[in-house]
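Heads up, the thing below is written out as structure tokens.
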Protein chains: 2
Amino acid sequence: MGPLATLGDVAQRAGTSVATAGRALGGYGKVAAATRDRVVAAARQLNYHPNALARSMKQRSTFTIGLIVGNICNSFFARIVRAVETAIMRYDCKVIVCDSDESVENELDHARTLLEHRVDGIIVSPTASETGELSRATKEIYGGRMLTVFIDRAVKGARIPTVVSDNVAAAHEATTHFIELGHKRIGAIVGRKALDSMTGRIEGYRRALLERHITFDESLVVDAVDVGVEAGYHATKKLLERNHRPTALIVMNNLLVIGALNALKEKGLMIPGDIALIGWDDFDAAPHLQKPLTVVEQPADAMGSIAAEQLMKMRSKETVDPSLHIVLKSTLIIRESSEKRIWKKS
Amino acid sequence: MGPLATLGDVAQRAGTSVATAGRALGGYGKVAAATRDRVVAAARQLNYHPNALARSMKQRSTFTIGLIVGNICNSFFARIVRAVETAIMRYDCKVIVCDSDESVENELDHARTLLEHRVDGIIVSPTASETGELSRATKEIYGGRMLTVFIDRAVKGARIPTVVSDNVAAAHEATTHFIELGHKRIGAIVGRKALDSMTGRIEGYRRALLERHITFDESLVVDAVDVGVEAGYHATKKLLERNHRPTALIVMNNLLVIGALNALKEKGLMIPGDIALIGWDDFDAAPHLQKPLTVVEQPADAMGSIAAEQLMKMRSKETVDPSLHIVLKSTLIIRESSEKRIWKKS
DNA sequence: TTGTTGGATGAAAACGTTTGCGCTCTTCCG
DNA sequence: CGGAAGAGCGCAAACGTTTTCATCCAACAA
């Protein structure tokens with residue numbers, strides 16, 4: 001199981017210098033056809049595989065980018081990962097995927113590691129929403145030395161290109177949809193209030209209410225604090241145990257909505273009879289739920305590939321305006337969980 | 001945005017040699033406390049981040065492993081990814097996740113790339129089931145030069161440690177469950193027949209039938225050829241259009257079952273009244289489907305962490321029997337999609 | 001005083017590539 | 001035939017670490 005063959009070994013076997021062997025295999029510089037053949041044959045015999053570390057050191061580029069997402073088990077992020085990978089592949093680059101588990105600390109750890117590995121750039125769905133929380137990071141890593149693109153979430157005050165979906169508009173549309181169905185008490189479960197994407201969604205929700213002259217009741221908006229199934233369950237339960245229960249509920253994240261379903265089932269509430277429901281981010285099983293789920297669908301694929309392309313632009317020295325915000329439209333997919341119902345006098 | 005600070009820069013600023021600076025920051029060798037402080041201060045001022053490439057070159061270890069899975073969007077694999085990551089983290093290693101998209105070609109491309117990056121080892125859910133198909137790969141990469149552990153699927157004839165779940169037993173249990181409910185015509189949708197995991201599941205299904213003296217009807221087993229939602233849809237449709245439709249259906253993969261649901265809905269068939277259903281791999285939404293879905297749940301977390309630990313053992317020169325097969329038990333989670341029903345005389 | 005430790009340091013060699021430079025040799029033009 | 005051009009190739013210097021080895025110096029025992 002000895003050590004791997006090196007360029008030196010190949011050169012020796014082919015009877016050339018290391019330089020020529022490198023040129024023959026690497027496709028740079030000039031080599032005679034006959035020499036190239038000898039080298040290639042030798043390489044095959046020795047099972048030669050170039051050492052990417054050494055190459056990267058010399059070339060000062062790793063042809064690798066990093067991608068830090070909140071939680072790979074969230075299908076929204078999984079789709080982003082795939083989209084970024086396929087987009088990046090076209091530039092002959094690789095992607096290192098990291099999972100921050102929605103913790104600022106992990107996120108920075110990963111960012112640091114990626115920096116140490118000298119990736120050419122990173123795409124991050126930032127866990128914090130204010131530069132304050134990651135001030136050292138922004139100086140040290142994001143935008144300091146590292147080409148960075150933010151995805152899914154913006155960071156206030158950071159001068160970094162960002163690709164997001166239009167959370168305000170989407171929440172506005174979802175809320176209006178409920179209002180037009182006659183709902184007046186509309187609850188909202190948000191992930192972490194502090195996340196930029198979440199504040200946008202709350203804002204859209206608020207605006208839609210005000211527009212239709214419904215007072216914005218702070219107590220109907222519950223912060224699940226965490227972004228996960230468990231958190232969604234507890235937040236929903238808390239909301240349902242209020243004395244005057246909402247007739248409709250918008251759950252602003254993929255995993256939270258599962259938790260919400262758990263809570264609703266436990267309470268024996270019917271959808272949409274007792275309470276109507278809108279989730280965030282579509283998923284394969286959504287049309288097959290007991291009541292097919294109405295969702296706000298974010299363009300995950302487009303977000304991923306556009307972010308990747310921005311990063312590749314920056315990598316090729318094309319300057320990209322650091323205050324660039326690309327905002328993509330979400331769409332409301334209406335299914336039965338928010339369908340019309342007959343109102344008993346309330 | 002100039003180049004990153006190097007150890008040389010730090011040494012110069014601290015007034016020491018490169019060697020001492022390295023010792024101070026790297027925690028190896030002996031340094032006087034005072035010197036260390038000077039170096040650390042200098043490093044902080046210069047925002048020094050060690051170059052992992054250079055370090056790895058010298059140390060001949062990257063503290064990184066590769067993980068190649070079939071499809072990151074399949075929640076079963078997503079869970080494996082997470083499990084491997086958390087397990088590997090305990091060894092101060094990183095994980096590079098690759099998505100083979102269930103194609104042998106992509107898988108080998110990724111394996112080669114990982115080899116070039118000199119990862120310390122790889123965990124692979126192999127796309128092919130026979131050494132034949134990846135003969136070059138097994139020589140060049142898996143088991144050739146690279147520490148390898150297979151996960152989820154075994155490869156016949158490959159002498160490589162493998163962690164799988166007991167597919168035969170699980171399929172046997174699921175099928176028997178159906179038989180005990182009175183079903184006699186039980187259909188099966190498999191992913192790619194050639195996949196080792198799939199042959200195991202078919203075998204378990206077959207044995208259960210024979211045990212109860214039900215003839216094994218080849219035409220009830222449909223190979224979806226691909227492992228994806230679309231493939232599941234087409235395969236199920238094909239099966240349903242047979243003249244004598246089955247009364248129960250086992251769908252042996254996470255994504256296929258969604259496709260099956262699509263097909264069933266399109267045909268207007270009720271679950272379990274018209275056709276009972278068992279899926280493979282649990283998912284968050286499964287209990288909330290129109291009819292909560294009975295599934296075979298594989299221990300994805302355990303598989304991931306055990307595979308990781310095996311690999312780490314091998315990495316630390318501990319010899320691991322290459323024919324080691326670790327087989328973990330799956331469990332049948334019974335929900336309503338396979339519940340008892342009243343039989344009209346058939 | 002002298003010899004012996006041993007801790008702290010620096011010089012320099014590796015790790016495996018890529019690449020600038022210079023050398024040789026052929027070819028081709030005037 | 002003289003000389004320019006340029007293809008083909010090798011030497012050696014990088015890239016930024018870690019590590020071996022030698023050196024220096026203080027401390028200490030004889």
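Where a number appears in this text, it was derived from the coordinates with a stated rule and is not lab data. Here the structure is a predicted model, which means the values were calculated and not measured. Heads up, the Cβs are rebuilt from the backbone with ideal geometry, glycines too, and the neighbour counts pull from every protein chain shown.
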> Amide H neighbours of residue B:253 under 5 Å, counting only residues 5+ apart in sequence or on other chains, H built in-plane at 1.01 Å?
Replying inline: B:280
>> Can you find, among A:59, A:91, A:142, the residue sitting farthest towards the positive end of the charge dipole of the stretch A:39-173, where Lys and Arg contribute +1 and Asp and Glu -1 at Cβ?
In response: A:59
>> Under the rule of at least 5 residues apart or a separate chain, name every residue whose amide H is placed under 5 Å from the amide H of residue B:221.
In response: B:188
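Find the eigenvalues of the gyration tensor of the Cα atoms of the stretch A:4-99, then list the square roots of 5 times those eigenvalues as equivalent ellipsoid semi-axes, largest first, in whole angstrom.
Those come to 37, 12, 12 Å.
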> Which value, in debye to the nearest 20, gives the size of the charge dipole of the stretch B:246-327 about its Cα centre, when Lys and Arg are +1 and Asp and Glu are -1 at the Cβ?
Replying inline: 140 debye
> Using a label position 7 Å from Cα in the Cα→Cβ direction, what is the ascending list of nm distances from residue B:213 to the same site in the other copies?
Replying inline: 7.8
>> With the crude spin-label approximation of a point 7 Å out along Cα→Cβ, what separation in nm comes out for residue A:130 versus residue B:181?
In response: 5.4 nm
> Of the trypsin sites (Lys or Arg not before Pro) in the stretch A:53-106, which ones lie in a loop per DSSP and count no more than 11 other C-beta atoms within 10 Å?
Replying inline: A:60, A:90
> Given label points at 7 Å from Cα along Cα→Cβ, what nm distances, shortest first, separate residue B:184 from the same residue in every other copy?
Replying inline: 6.1
>> Assuming 0.36 nm per residue, please report the length gained on full extension of the stretch residue A:86 to residue A:317 beyond their Cα-Cα distance.
In response: 81.0 nm
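Which FRET efficiency, nearest 0.05, do residue A:302 and residue B:328 yield, Cβ-Cβ r, R0 45 Å? Kindly include the intermediate steps, with their values, before the conclusion.
Values: r = 39 Å, r/R0 = 0.86.
Using R0 = 45 Å, I get an efficiency of 0.70.
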> Which shape class applies to the stretch B:160-303: rounded if a/c is under 1.5, otherwise prolate when a/b exceeds b/c and oblate if not, where a ≥ b ≥ c are the square roots of the Cα gyration tensor eigenvalues?
Replying inline: rounded
>> Distances in nm, one decimal, shortest first, from residue A:144 to the same residue in every other copy, taking the label point 7 angstrom along Cα→Cβ.
In response: 4.1
> Dipole of the stretch A:193-239, Cα-centred, from +1 at each Lys and Arg C-beta and -1 at each Asp and Glu C-beta, to the nearest 20 debye?
Replying inline: 140 debye
> Which part of the stretch B:222-251 falls in the paramagnetic zone of residue B:270, meaning amide N under 15 Å from the point 7 Å along Cα-to-beta-carbon?
Replying inline: none
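What is the magnitude of the charge dipole of the stretch A:119-237 about its Cα centre, with +1 placed on the Cβ of each Lys and Arg, -1 on the Cβ of each Asp and Glu, and no other charges, expressed in debye to the nearest 20?
The dipole magnitude comes to about 180 debye.
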> How high is the relative contact order of chain A, in percent, counting Cα pairs under 8 Å that sit 6 or more residues apart?
Replying inline: 16 percent
>> Given points 7 Å out from each Cα along the Cα-Cβ axis, report the residue B:55 to residue B:37 separation in nanometres with one decimal.
In response: 2.5 nm
> Taking the Cβ of residue A:31 as the center, what net charge do the other residues with Cβ under 11 Å away carry, scoring Lys and Arg +1 and Asp and Glu -1?
Replying inline: +3
>> Could you give each residue of the stretch A:6-15 its phi-based ³J(HN,Hα) in whole Hz, using Karplus coefficients 6.51, -1.76, 1.60 with θ = phi - 60°, and x for Gly or Pro?
In response: 10, 4, x, 4, 4, 4, 4, 5, 7, x
> In chain A, which longest range has no GluC sites (Glu not before Pro) that are both DSSP loop (not H, G, I, E or B) and surrounded by at most 11 other Cβ atoms within 10 Å?
Replying inline: A:1-240
> Okay, helix-only estimate at 222 nm for chain B: each DSSP H run of n ≥ 4 adds -39500 (n - 2.57), divide by all residues, round to 500 deg cm²/dmol; what do you get?
Replying inline: -13000 deg cm²/dmol
> Using θ = phi - 60° and the Karplus form 6.51 cos²θ - 1.76 cosθ + 1.60, what ³J(HN,Hα) does each residue of the stretch A:37-52 get, whole Hz, x for Gly and Pro?
Replying inline: 4, 4, 5, 4, 4, 4, 4, 5, 4, 8, 6, 6, 10, x, 8, 5
> So for chain B, Kirkwood radius off the Cα pairs, Stokes-Einstein at 10 °C and 1.306 mPa s: how many µm² s⁻¹?
Replying inline: 70 µm²/s
> Computed FRET efficiency, Cβ-Cβ of residue A:223 and residue A:244, R0 25 Å: what is it to the nearest 0.05?
Replying inline: 0.80
> What list of ³J(HN,Hα) couplings, whole Hz, do you get for the stretch A:108-123 from phi and the Karplus terms 6.51, -1.76, 1.60, once you set θ to phi - 60° and write x for glycine and proline?
Replying inline: 5, 3, 4, 4, 5, 4, 5, 4, 5, 7, 6, 4, 6, x, 9, 10
> Which number do you get for Rg(Cα) / (2.2 N^0.38 Å) in the stretch B:93-138?
Replying inline: 1.12
